[in-house]
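Peer 1: Got a structure for you, questions after.
The values are calculated or read from the model by the stated rules, or taken from the named source; none is laboratory data. These numbers were taken from a predicted model, which means no experiment stands behind them. Methodologically, a virtual Cβ is constructed for each residue, glycine included, from the backbone with ideal geometry; neighbour enumeration extends over all protein chains shown. We work out accessible area using only protein heavy atoms, side chains counted, and drop any ligands, DNA or RNA first. Shrake-Rupley method; radii C 1.70, N 1.55, O 1.52, S 1.80 Å.
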Number of protein chains: 2
Amino acid sequence: MLNEFSLIEQYFLNNKKQRPDSIVGIGDDGAVTRVQPNHDLVTVTDTMVNGVHFDESTPPRAIGHKIVAVNLSDLAAMGAEPCWISLALTLPDADETWLSEFAAGLHEICQYYDCTLIGGDTTRGPLTVTVTAQGQVPAGEAITRSGAKPGDWLYVSGPLGDAGLGLDMTQQADMATGPHLQRLVERLYYPHPRVALGQTLRNVAGACIDISDGLLADLQHLLSSSGVAADIELDKIPLSLAMTETLSQDAAYKKALTAGDDYELCFTVEEHNRGRLETLTAHLKNKPICIGRITQLREPAIQFKLHGEVYELPLEYQGYNHFNNSVTAKD
Amino acid sequence: MLNEFSLIEQYFLNNKKQRPDSIVGIGDDGAVTRVQPNHDLVTVTDTMVNGVHFDESTPPRAIGHKIVAVNLSDLAAMGAEPCWISLALTLPDADETWLSEFAAGLHEICQYYDCTLIGGDTTRGPLTVTVTAQGQVPAGEAITRSGAKPGDWLYVSGPLGDAGLGLDMTQQADMATGPHLQRLVERLYYPHPRVALGQTLRNVAGACIDISDGLLADLQHLLSSSGVAADIELDKIPLSLAMTETLSQDAAYKKALTAGDDYELCFTVEEHNRGRLETLTAHLKNKPICIGRITQLREPAIQFKLHGEVYELPLEYQGYNHFNNSVTAKD
């Protein structure tokens, strides 16, 4: 069996191209990096636990990809350029097959977004993966959750619910067929954080959050941080073809509103910035979709409309909560 | 039971005084901080796992203290000023007593070193604690492991082995008495990272490492990074009064050389910087102790001398390794 140090060396030390702003990398007491002048540092952390965020059926390559993707999604929501990641990896044993697949998934997404693995810690214990990612943003231009104002337009960056539907397909044998299976499971296992869009939204979006726990749950955080409420046009919520061809309309909207793991962005734009948003995103294949509008604070904070009428959502439309709900592989 | 968000809010959101360079803290997708102009960012990560790095008998307050202390010790070894920490906390349940004690230990050491908790993630699963700490250092002044040169003098910052002896005392009923018990267990549970000394060593030390896995293991890393070897005078290795009054001389040196968790610094100083080191550390209660000298690379890389003669260490003097040794609460 490999010892701790050669294990780290073999899979993580030889990590390809380093960013030139990474001065000291893996193998010292700490990593030394250099933030650009007149830029702020943005730091995010996400953990994935075996049996909670993934299970034995999840490919190790997907775990390596996703732990980076979920962190880059948080950086994207802040408008930050991803730069460096640190990996805390707790493993029951030094399984070389698992490690090589996990490392491949992690390195691929890091290379793609020019993000350098600068350090971390490897320990023995129940399988748990934590990444802290660091990015930078021009000073004062980070986008927070708290900048939404009444009258702002509310957008999402792409179709919702696909990852949740992909999860159902991996768990329910009777759903695990159909032409969309592969695409939906890809959305679950290999999410693409909206890195470029996040940076485009600097000075355009008033507030932004990434949708990791479901639109309802995450929008609620944005609204409560900003002290506002929102009207949403239910039929404006974007659904993929895979979604509409697989589920009934009701089931599809429920999935889109409550399922997590999509890693799309939800953001607000002031009236006078709508044209700017359109210009800046004209080249994108998936353009942001306007789903509603911010209002003065009121209860309930989120109100739905369908064909101009107020539409009452069933009560069970709620986001996932780590400590109240049963533990599933959902989040 | 608290839900995830109110749990985080209750114990971690209300965290006292924030550094003025923390612009956006807990409660957004990411934290925004500002590194001083002409400074480099230093990032370190350490994980502590239940059943490996601590056990049921460890006070939660000590776990909260120590996960910060071990990270600040890494920053100290780089010469960095500690600034911000991110906490990834995986918990089997939301035990309020445990959380309040853990948070108290964590906040106390953060306050003491003016380090702000800027964010993190809380997940359900087997008890595991990861902290990523960020510090800053004047550009180009970070101290690495790789700067030792033949002829440099080798120092440690204080007595070694006390934490290991403290661990023995918590595990062996027959040792758990004596006048030194409390002090040694304090050294194990509440280590004090050498934060001020680390910053003093900028432009003075050629290479530096913190002693977390035992002097032999950590010095070996420093030597191999620098491509050098070292002669150590066995009787120069500092032992505390508690150590010499508790163990035989042989057992005391073995503990000092191989036990982990002391979080002292081991560093090298060029001949012409020795006076500067003495001046800069004259005010310290515990002054650095010179234990030997760096030599040209040779095998074995570490050679001991006692009263001028080469001294052969028994073979079992080896550092702890996470994946080769049996799992204990030792490291």
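Peer 1: Kindly list the number of the only condition in (1) modelled with pLDDT under 95; (2) more than 27 Å from residue B:75 (Cβ to Cβ) that fails for residue B:286.
Peer 2: Of the numbered conditions (1) modelled with pLDDT under 95; (2) more than 27 Å from residue B:75 (Cβ to Cβ), the odd one out for residue B:286 is (2).
Peer 1: Exactly one condition in (1) farther than 22 Å from residue A:51 by Cβ; (2) open to solvent by 10 Å² or more (accessible area, probe 1.4 Å); (3) at the interface with chain B (Cβ under 7 Å from one of its Cβ atoms) is not met by residue A:114; state its number.
Peer 2: Checking residue A:114 against (1) farther than 22 Å from residue A:51 by Cβ; (2) open to solvent by 10 Å² or more (accessible area, probe 1.4 Å); (3) at the interface with chain B (Cβ under 7 Å from one of its Cβ atoms), the one that fails is (3).
Peer 1: Okay, next question. Among what's in the stretch A:1-20 and is hydrophobic (A, V, I, L, M, F, W, C) and open to solvent by less than 30 Å² (accessible area, probe 1.4 Å), pick the residue that is modelled with the highest pLDDT. Talk me through it step by step, then tell me what you get.
Peer 2: Of the residues in the stretch A:1-20, the ones hydrophobic (A, V, I, L, M, F, W, C) are A:1-2, A:5, A:7-8, A:12-13.
Narrowing the set further to residues that are open to solvent by less than 30 Å² (accessible area, probe 1.4 Å) leaves A:7, A:12.
Numbers: A:7: 68, A:12: 83.
Filtering first and then ranking leaves A:12.
Peer 1: If you go through the stretch B:28-50, how many residues are more than 17 Å from the chain's Cα centre (by Cα), within 7 Å of another protein chain (Cβ to nearest Cβ) and open to solvent by 10 Å² or more (accessible area, probe 1.4 Å)? So that I can check it myself, show each step before the final result.
Peer 2: Filtering the stretch B:28-50 for residues more than 17 Å from the chain's Cα centre (by Cα) gives B:28-41, B:50.
Okay, now just the ones that are also within 7 Å of another protein chain (Cβ to nearest Cβ), so B:28-35, B:37, B:40-41.
Now drop any that are not open to solvent by 10 Å² or more (accessible area, probe 1.4 Å), which leaves B:28-29, B:34-35, B:37.
Count: 5.
Peer 1: Limited to the stretch B:118-156, what total is found for residues that are within 18 Å of the chain's Cα centre (by Cα), at the interface with chain A (Cβ under 9 Å from one of its Cβ atoms) and either under 30 Å from residue B:234 (Cβ atoms) or open to solvent by 30 Å² or more (accessible area, probe 1.4 Å) (or both)?
Peer 2: Qualifying residue count for the region: 3.
Peer 1: Could you please let me know if residue A:297 is open to solvent by 90 Å² or more (accessible area, probe 1.4 Å), within 30 Å of residue A:200 (Cβ to Cβ) and at pLDDT 95 or above? Outline the logic, then answer.
Peer 2: Numbers: open to solvent by 90 Å² or more (accessible area, probe 1.4 Å): yes; within 30 Å of residue A:200 (Cβ to Cβ): yes; at pLDDT 95 or above: yes.
When the stated conditions are applied, residue A:297 passes them.
Peer 1: Related question: Which of the numbered conditions does residue A:90 fail, given that it passes all the others? Conditions: (1) of a type in the set (Ser, Thr, Tyr); (2) under 20 Å from the mean Cα position of the chain (by Cα); (3) open to solvent by less than 30 Å² (accessible area, probe 1.4 Å).
Peer 2: Failed condition: (2).
Peer 1: Can you confirm whether residue A:225 is among the polar types (S, T, N, Q), modelled with pLDDT of 95 or more and within 30 Å of residue A:52 (Cα to Cα)? Spell out how you get there, then give the answer.
Peer 2: Working: among the polar types (S, T, N, Q): yes; modelled with pLDDT of 95 or more: yes; within 30 Å of residue A:52 (Cα to Cα): yes.
The answer is yes for residue A:225.
Peer 1: Follow-up. Take the residues of the stretch B:52-79 that are within 7 Å of chain A (Cβ to nearest Cβ) and modelled with pLDDT of 95 or more: which is most open to solvent (accessible area, probe 1.4 Å)?
Peer 2: Taking the stretch B:52-79 as the starting set, the residues that turn out to be within 7 Å of chain A (Cβ to nearest Cβ) are B:52, B:74-75, B:77-78.
Checking the rest, the ones that are also modelled with pLDDT of 95 or more come to B:74-75, B:77-78.
Values: B:74: 18, B:75: 1, B:77: 0, B:78: 0 Å².
Only one residue tops the list, namely B:74.
Peer 1: To continue, here is another question. Checking residue B:255 against (1) farther than 20 Å from residue B:195 by Cβ; (2) assigned to a strand (DSSP E or B), only one condition comes out false. Which one?
Peer 2: (2)
Peer 1: If a residue must be in contact with a Phe, Trp or Tyr (Cβ under 8 Å, 6 or more places away or on another chain) and crowded, with 23+ Cβ neighbours inside 10 Å, how many such residues does the stretch A:233-260 contain?
Peer 2: 1
Peer 1: Let me ask another. Within the set of pairs 6+ apart or on separate chains, which have a first residue in the stretch B:253-275 that is on the phi > 0 side of the Ramachandran plot, a second that is surrounded by 23 or more Cβ atoms within 10 Å (Cβ to Cβ) and of a type in the set (D, E, K, R), and C-beta atoms under 6 Å apart?
Peer 2: B:263/B:210
Peer 1: Hey, another quick one. List the residue pairs whose Cβ atoms are under 8 Å apart, where the first residue sits in the stretch A:165-183 and is of a type in the set (Asp, Glu) and outside any loop (DSSP other than H, G, I, E, B), the second is modelled with pLDDT under 80 and open to solvent by less than 50 Å² (accessible area, probe 1.4 Å), and the two are 6 or more positions apart or on different chains.
Peer 2: A:168/A:175
Peer 1: Looking at the stretch B:235-256, which of its residues are in contact with a strand residue (DSSP E or B) (Cβ under 9 Å, 6 or more places away or on another chain) and modelled with pLDDT under 95? Walk me through how you get there before you give the answer.
Peer 2: Restricting attention to the stretch B:235-256, the residues satisfying the condition of being in contact with a strand residue (DSSP E or B) (Cβ under 9 Å, 6 or more places away or on another chain) are B:235-238.
Within the stretch B:235-256, just B:235 meets the criteria.
Peer 1: Name the single residue that is nearest to residue B:32 (Cα to Cα) among those in the stretch A:34-62 being in a loop (DSSP other than H, G, I, E, B) and in contact with a Pro (Cβ under 8 Å, 6 or more places away or on another chain).
Peer 2: The qualifying residue nearest to residue B:32 (Cα to Cα) is A:38.
Peer 1: State the number of residues belonging to the stretch B:217-246 that are away from every other protein chain (no Cβ under 14 Å) and in a helix (DSSP H, G or I). First the steps, then the outcome.
Peer 2: Initially, the stretch B:217-246 is screened for residues away from every other protein chain (no Cβ under 14 Å), giving B:228-246.
Subset that is in a helix (DSSP H, G or I): B:234-236, B:241-246.
Total satisfying the criteria: 9.
Peer 1: Can you say whether residue A:170 is farther than 30 Å from residue A:294 by Cβ and either at the interface with chain B (Cβ under 10 Å from one of its Cβ atoms) or surrounded by fewer than 24 Cβ atoms within 10 Å (Cβ to Cβ) (or both), as far as the supplied structure shows? Don't jump to the end; show me each part of the working.
Peer 2: On the way: farther than 30 Å from residue A:294 by Cβ: yes; either at the interface with chain B (Cβ under 10 Å from one of its Cβ atoms) or surrounded by fewer than 24 Cβ atoms within 10 Å (Cβ to Cβ) (or both): yes.
Against the criterion (farther than 30 Å from residue A:294 by Cβ and either at the interface with chain B (Cβ under 10 Å from one of its Cβ atoms) or surrounded by fewer than 24 Cβ atoms within 10 Å (Cβ to Cβ) (or both)), residue A:170 qualifies.
Peer 1: Going through A:55, A:95, A:40 one at a time, which residue ends up being over 17 Å from residue A:262 (Cα atoms) and free of Cβ contacts under 8 Å to residues at least 24 places away in the same chain? Can you show your working first?
Peer 2: Values: A:55 fails: free of Cβ contacts under 8 Å to residues at least 24 places away in the same chain; A:40 fails: free of Cβ contacts under 8 Å to residues at least 24 places away in the same chain.
Answer to the selection: A:95.
Peer 1: Against the condition more than 11 Å from chain B (Cβ to nearest Cβ), in contact with a Lys or Arg (Cβ under 6 Å, 6 or more places away or on another chain) and either of a type in the set (D, E, K, R) or touching a residue at least 40 places away in the same chain (Cβ under 8 Å) (or both), how does residue A:104 come out, does it pass?
Peer 2: Working: more than 11 Å from chain B (Cβ to nearest Cβ): yes; in contact with a Lys or Arg (Cβ under 6 Å, 6 or more places away or on another chain): yes; either of a type in the set (D, E, K, R) or touching a residue at least 40 places away in the same chain (Cβ under 8 Å) (or both): yes.
So residue A:104 fits the description; yes.
Peer 1: Need the failing condition index for residue B:23 against (1) within 30 Å of residue B:140 (Cβ to Cβ); (2) outside any helix (DSSP H, G or I); (3) aliphatic (A, V, I, L, M); (4) modelled with pLDDT of 95 or more, just the number.
Peer 2: In the conditions (1) within 30 Å of residue B:140 (Cβ to Cβ); (2) outside any helix (DSSP H, G or I); (3) aliphatic (A, V, I, L, M); (4) modelled with pLDDT of 95 or more, residue B:23 misses (4) alone.
Peer 1: Separate question: Of all residues in the stretch A:261-286, which are open to solvent by 10 Å² or more (accessible area, probe 1.4 Å) and outside any loop (DSSP other than H, G, I, E, B)?
Peer 2: Narrowing the stretch A:261-286 to residues open to solvent by 10 Å² or more (accessible area, probe 1.4 Å): A:263, A:270-276, A:278-280, A:282-286.
Answer for the stretch A:261-286, where residues must be open to solvent by 10 Å² or more (accessible area, probe 1.4 Å) and outside any loop (DSSP other than H, G, I, E, B): A:271, A:272, A:273, A:274, A:275, A:276, A:278, A:279, A:280.
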